Amino acid sequence: MNLAYLAFSETGYELATRLSQALGGKAYRSGQPDEHGAPVDLKEWTRMRFAQCDGLIYVGALGIAVRAIAPFVRDKASDPAVVVIDERALHVIPVLSGHLGGANDLARKIAQVTQSDPVITTATDINGIFAVDEWSKHQNCALLEPKKIVGISGRLLAGAQAAVFSPWSISGTTPEHLFITDDASKAGIVLDIHRHSSGLHLVPRICTLGIGCRKGTVADTIEMQFQEFIEKANIYPESICQVATIDLKKDESGLIAFCEKHDWPLITYTSQELRSVEGTFTASEFVSSVTGVDNVCERSAVLASGGSLLKEKTAGNGVTLALAARDYHPDWTWKKEAQ
């Protein structure tokens, strides 16, 4: 996690520095110069780090942190983790984004470093009930409908059952009140990269989008072809974690802009590296004559994913697209890993 710590006293700053050395991130002290020489202002520091960081740790009073973050809080799907620890390291309190943002896990890690008491207040945790948003985070999933979390958690807290659909076998012991179903339409929780019409959707980020494009192709053209591609494939775009292509395309402004729009890293390979990929691919003599390899999008997707081809090459408007997915192994034992 990208962490930032803010303290309000010398004692607090010493603790913040100790935590940054143990967990990563940078420690600041209110009123003292920052890395640019300007005095740290509570409101401005919070505004900037709230947008930039995965986790904010305030070393001081809970009320100070609450007032500081109040203007910037949006929703649990996008807010960073916010944790407060008193300067004597007696108590660690997750304040915001306990599950999706990882504040509960962060509080536990801080408590391990400082031998302090993690004050966890989320209902599922204190009642020992399965927390779907926390599980989703630890399974590397995008959770698409965060407003449905309350309904799922409410059912489980009331002792009712919830059905889970997954095309992958989930290792470990299924948590109490959950059961596996092979009918996605009847599931309260749907773990899949393919689109379904009901349930709370958890989408594993396991796919690589392979792209080939004509020189000078603009981002809007790539975007249009991409939207058509995922619609026909019935795939959630949230399942994609990276884009791959041949190194000849690494400076294509349209491709770079497309990747930046979706916040996807662009991975490139030489023609020799792509030729070495084993498998059956849609060959093109023209592509081979231009790039030195018979297929760019399929081969680059498979190579970058380390998995197998999920959707074969489609072409249109000078753009070729393919999708590959790495192996995925969900499990029920994330709490042991997080603690």
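Taken as a whole, the stretch 286-303 holds at least one residue that is hydroxyl-bearing (Ser, Thr, Tyr) and touching a Phe, Trp or Tyr at 6+ places or on another chain (Cβ under 8 Å). Number of residues in the stretch 244-260 that are in a helix (DSSP H, G or I) and among the β-branched types (Val, Ile, Thr) equals 1. Would a scan of the stretch 113-127 turn up a residue that is crowded, with 18+ Cβ neighbours inside 10 Å, at pLDDT below 95 and assigned to a helix (DSSP H, G or I)? For the stretch 113-127, residues crowded, with 18+ Cβ neighbours inside 10 Å, at pLDDT below 95 and assigned to a helix (DSSP H, G or I): present. Residues in the stretch 282-310 that are closer than 16 Å to Arg205 by Cα and more than 22 Å from the chain's Cα centre (by Cα): Leu309 only.
Hey, any hits in the stretch 182-192 for a residue that's within 19 Å of Ala301 (Cα to Cα) and aliphatic (A, V, I, L, M)? No: the stretch 182-192 contains no residue that is within 19 Å of Ala301 (Cα to Cα) and aliphatic (A, V, I, L, M).
Here's the yes/no breakdown for (1) among the hydrophobic types (A, V, I, L, M, F, W, C); (2) without any contact (Cβ under 8 Å) to a residue 12 or more places away in the chain; (3) not assigned by TED's automatic domain parsing to the domain that holds Ser239:
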{"position": "Ser276", "(1), (2), (3)": "no, yes, no"}
{"position": "Phe286", "(1), (2), (3)": "yes, yes, no"}
{"position": "Cys297", "(1), (2), (3)": "yes, no, no"}
{"position": "Leu309", "(1), (2), (3)": "yes, no, no"}
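Is it the case, given these coordinates, that Gln52 is in contact (Cβ under 8 Å) with a residue 40 or more places away in the chain and of a type in the set (S, T, N, Q)? The answer is yes for Gln52. From the list Gly159, Gly210, Gly199, Gly216, the lone residue that is under 22 Å from the mean Cα position of the chain (by Cα) and on the phi > 0 side of the Ramachandran plot is Gly199.
Pairs meeting the criteria (first residue in the stretch 122-148 and more than 28 Å from Arg195 (Cα to Cα), second residue modelled with pLDDT under 90 and in a loop (DSSP other than H, G, I, E, B), beta carbons under 6 Å, at least 6 apart or on different chains) are Thr122/Gly98.
Please tell me if Ala131 is surrounded by fewer than 20 Cβ atoms within 10 Å (Cβ to Cβ) and on the phi < 0 side of the Ramachandran plot. No; evaluated as a whole, the condition is false for this residue. Does at least one position in the stretch 142-151 carry a residue that is at pLDDT 90 or above, β-branched (Val, Ile, Thr) and within 24 Å of Leu19 (Cα to Cα)? No, there is no match, as no residue in the stretch 142-151 is at pLDDT 90 or above, β-branched (Val, Ile, Thr) and within 24 Å of Leu19 (Cα to Cα).
In the list Ile93, Ile69, Ile57, which residue meets the criterion of being outside any loop (DSSP other than H, G, I, E, B), crowded, with 18+ Cβ neighbours inside 10 Å and touching a Gly at 6+ places or on another chain (Cβ under 9 Å)? Matching residue, one of Ile93, Ile69, Ile57: Ile57. The listed residues are Ser198, Ser239, Ser169, Ser185, and the only one of them that is modelled with pLDDT of 95 or more and surrounded by fewer than 21 Cβ atoms within 10 Å (Cβ to Cβ) turns out to be Ser169. Thr217: of a type outside the set (D, E, K, R), over 17 Å from Ser305 (Cα atoms), modelled with pLDDT of 95 or more and part of a loop (DSSP other than H, G, I, E, B), yes or no? Yes; evaluated as a whole, the condition is true for this residue.
Being within 17 Å of the chain's Cα centre (by Cα) and not in a strand (DSSP E or B) is a condition met by no residue of the stretch 224-235.
Go through the stretch 55-70 residue by residue and tally those that are in contact (Cβ under 8 Å) with a residue 24 or more places away in the chain and over 24 Å from the mean Cα position of the chain (by Cα). Of the residues in that region, 8 qualify.
The values are calculated or read from the model by the stated rules, or taken from the named source; none is laboratory data. Keep in mind it's a predicted model, so treat the numbers as computed, not measured. Don't worry about glycine lacking a Cβ; one is built from the backbone with ideal geometry, like all the others, and counts go over all protein chains shown.
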